[in-house]
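The values are calculated or read from the model by the stated rules, or taken from the named source; none is laboratory data. Not measured: the values here are computed from a predicted model. Positions of Cβ are backbone-derived with ideal geometry, glycine not excepted, and every protein chain shown enters the neighbour counts.
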Amino acid sequence: MEVLAQAPDRVRGLWLMNCQPGVHPNPDSVRATSRRIRFSEHQRVISEFADNAIPAEDVASRAVFVQMARDAGADLFARQSDATLTRSDRWSTLASCKIPTLLLWGDSDRFVPVEVGRRIATLMPHARFASLVGCGHFPTLERPSICTEIARQWLVESALS
């Protein structure tokens, strides 16, 4: 979204997944989470994040996420959390976008609910919206094959229009 806002002429197509185009609604909670990560609660925060990001029945995707978060380390995880504090409001950027866009959402995401994706889709006349049943915050991790197929289809359709 940032590249689209800063250099729209460089963007020919846009693929968004489970993203929030607005500013963070609760900066104090972000700061508290970042402190917890940095001061000995990294593992607990990873577990909480996994609980909210990926449905409980998807044990394999949860395990991959948890391992990736552990491997990345507390500092990187905290910096990713901090980065949400500087997120710009890009609703108007998306509303004025005329390029082909794929919106791919996990309908079980507790961080960025599927309603956000549907709202974006109503603002963007050239958007294709797809919701993945039982999928959480990481569609390409949780449903790689279906994401690849949807993206392939979208790329072919976008190239023809």
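Tabulated results
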| item | result |
| --- | --- |
| Filtered residues of region 82-117 (kept if of a type in the set (Gly, Ala, Ser), loosely packed, with under 14 Cβ neighbours inside 10 Å and in contact (Cβ under 8 Å) with a residue 12 or more places away in the chain) | Ser88, Ala95 |
| Answer from Ser161, Ser81 - the residue that is touching a His at 6+ places or on another chain (Cβ under 9 Å) and either at pLDDT below 95 or of a type in the set (Lys, Arg) (or both) | Ser161 |
| In region 128-153, residue surrounded by the fewest Cβ atoms within 10 Å (Cβ to Cβ) [restricted to those that are free of Cβ contacts under 8 Å to residues at least 60 places away in the same chain and small (Gly, Ala, Ser)] | Ser145 |
| Selection count where residues are over 10 Å from Arg90 (Cβ atoms), out of contact with any Leu (no Cβ under 8 Å at 6 or more places or on another chain) and in a loop (DSSP other than H, G, I, E, B), scope region 19-36 | 2 |
| Residue match in region 60-71 (condition: in contact with a Lys or Arg (Cβ under 7 Å, 6 or more places away or on another chain), farther than 15 Å from Asn18 by Cα and assigned by TED's automatic domain parsing to the domain that holds Arg35) | no |
| Flag for Leu76 being exposed (fewer than 13 other Cβ atoms within 10 Å of the Cβ), of a type in the set (A, V, I, L, M) and assigned to a helix (DSSP H, G or I) | yes |
| Test: residue in region 53-63 that is in contact (Cβ under 8 Å) with a residue 24 or more places away in the chain, within 16 Å of the chain's Cα centre (by Cα), more than 20 Å from Pro139 (Cβ to Cβ) and not in a helix (DSSP H, G or I) | no |
| Tally, over region 39-65, of residues that are in contact with a helix residue (DSSP H, G or I) (Cβ under 6 Å, 6 or more places away or on another chain) and within 16 Å of Gln80 (Cβ to Cβ) | 5 |
| Every pair of residues 6+ apart whose Cβ atoms lie under 7 Å, when the first sits in region 6-21 and is among the aromatic types (Phe, Trp, Tyr) while the second is assigned to a helix (DSSP H, G or I) | Trp15/Ala151 |
| Extreme residue, nearest to Asn18 (Cα to Cα), among residues of region 134-161 that are in contact with a strand residue (DSSP E or B) (Cβ under 9 Å, 6 or more places away or on another chain) and not in a helix (DSSP H, G or I) | His137 |
